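First up is the structure itself, then whatever we jot down about it.
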Amino acid sequence: MDWPDGLFRRVAVPRLPGSQAVRAVEDLIVDRLVATGYRVERQAFRTSVARLRAVGVVGAGLGWCALAFFPLFVLPFPGYVVAATGAAALAMVALVAVGVARRRPSETEAVAATNIIATRSATPACWLVAHSDSKAQKLSLRGRVVAFAALGLGTLGLVVCLIIRVAGPLPVGVVAPWILFTLAGGAAMAVSWSVGDSPGAVDNASGIIAVLVAAELARHRSDIGVLITGAEEYGMEGSRAWTAAGAPRGVFVNFDGLDDRGAFTLMRHDPARTSASPEAVSGVAVFDAVSAALTDDGHGLRRSRLPLGIFVDGSVLAAAGMPGVTLSRGDWRTLGVVHTERDTADRAGVRSAVEAGRLVARAVDELLG
């Protein structure tokens, strides 16, 4: 194949949801799929940054709760007052965040986005998935993981302190670490929702190339579908729109973040509910087939669940009843450039994306028979 590197560089440009740049990239994807023999349709939908704002609300809200809890924990207020105030404050943060996430965008806020759906039959047994958009934030993905961990640890500590506090005031030394963790994590999350431009080479030009390579190598099959989601960076909005449009069927392999360094990571997604019509192929079978293809080819592989604080299209597809896996590759340094302007084609390279596409095509071919 002589096309992946050139296409990778044309795709790895700043492409926020709704921008002219992402529409140009979508045209490149469609042209490639049509040339490979797929029937392509576009699903248009409208979205906004509401879910990202909700993340900021949670961070800011829990940070303010931590500050407000300090006098409640160390001063001699009645236990029932402390318990009621603390529970009400945490509930309020949750309610406001949910309200922000579900708020329908105004005409000025709404962003027009598109899913690309390519098939060779009416009912694909396996979907190859990647997202087309990119974004930069004030925190890299590595920073967000650290912030999420600090916020989660601090909030858990505050809840435990809240329960213990009912019996009487607590020493400052017991309370202070949890407040500091919550403040640090909450402050970081509060500003991380704002978006800017990133070339998004690893996240997720690499995934697009992997899907297109796999789709080309599997073009002899009629039971393979391709789903390129839009506005994934705004909270998996494309996969939400696709699953909401009808009950999806089949299993999936989602490609998201394939660097040329580190080990491959394969994450399994189990369906959140049992489908009335169980899939002919299970998520475990997909996981085992892709694992075998990678390891038999000599690649190092980490098998895991999706880490806390990281969200991908596979999570939404699994919630809709589809089993599948997400494949990525990278290391701690990779996480430090994802969602930043440093995520460029010159730094990333396309080798791992091509390898991932080739090996997944082989795995799916063997899996489906």
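Summary of computed values
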read-out	value
Within the stretch 43-87, tally of residues that are closer than 30 Å to W242 by Cα, not hydrophobic (A, V, I, L, M, F, W, C) and not in a helix (DSSP H, G or I)	4
Test: residue in the stretch 175-198 that is assigned to a strand (DSSP E or B) and in contact (Cβ under 8 Å) with a residue 60 or more places away in the chain	yes
Count - residues of the stretch 113-151 that are within 22 Å of A201 (Cβ to Cβ) and out of contact with any helix residue (DSSP H, G or I) (no Cβ under 9 Å at 6 or more places or on another chain)	1
Residue list for the stretch 318-343, restricted to those being touching a Pro at 6+ places or on another chain (Cβ under 7 Å) and under 24 Å from A125 (Cβ atoms)	A318, A320, G321, M322, P323
Qualifying residue in the stretch 254-263 (condition: part of a loop (DSSP other than H, G, I, E, B) and surrounded by 23 or more Cβ atoms within 10 Å (Cβ to Cβ))	yes
Residue count for the stretch 189-209, restricted to those that are modelled with pLDDT of 95 or more and aliphatic (A, V, I, L, M)	5
Hey, A241 aliphatic (A, V, I, L, M) and out of contact with any strand residue (DSSP E or B) (no Cβ under 7 Å at 6 or more places or on another chain) or not	no
Sole residue being touching a strand residue (DSSP E or B) at 6+ places or on another chain (Cβ under 7 Å) and touching a residue at least 12 places away in the same chain (Cβ under 8 Å), chosen from A318, A293	A318
Search result, residues across the stretch 77-111 that are aromatic (F, W, Y) and surrounded by 13 or more Cβ atoms within 10 Å (Cβ to Cβ)	F77
Matching entry among R240, R302 (being touching a helix residue (DSSP H, G or I) at 6+ places or on another chain (Cβ under 8 Å) and in the same structural domain as A215 (by TED's automatic domain parsing))	R240
Any chance L212 is out of contact with any Asp or Glu (no Cβ under 7 Å at 6 or more places or on another chain), surrounded by fewer than 23 Cβ atoms within 10 Å (Cβ to Cβ) and modelled with pLDDT of 95 or more	no
Residue pairs meeting the criteria (Cβ under 6 Å; at least 6 apart or on separate chains; first at positive phi and in the same structural domain as L212 (by TED's automatic domain parsing), in the stretch 100-127; second exposed (fewer than 13 other Cβ atoms within 10 Å of the Cβ) and not acidic (D, E))	none
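The values are calculated or read from the model by the stated rules, or taken from the named source; none is laboratory data. Keep in mind it's a predicted model, so treat the numbers as computed, not measured. Note: ideal-geometry Cβ built from the backbone for every residue, glycine included; neighbour counts use all protein chains shown.
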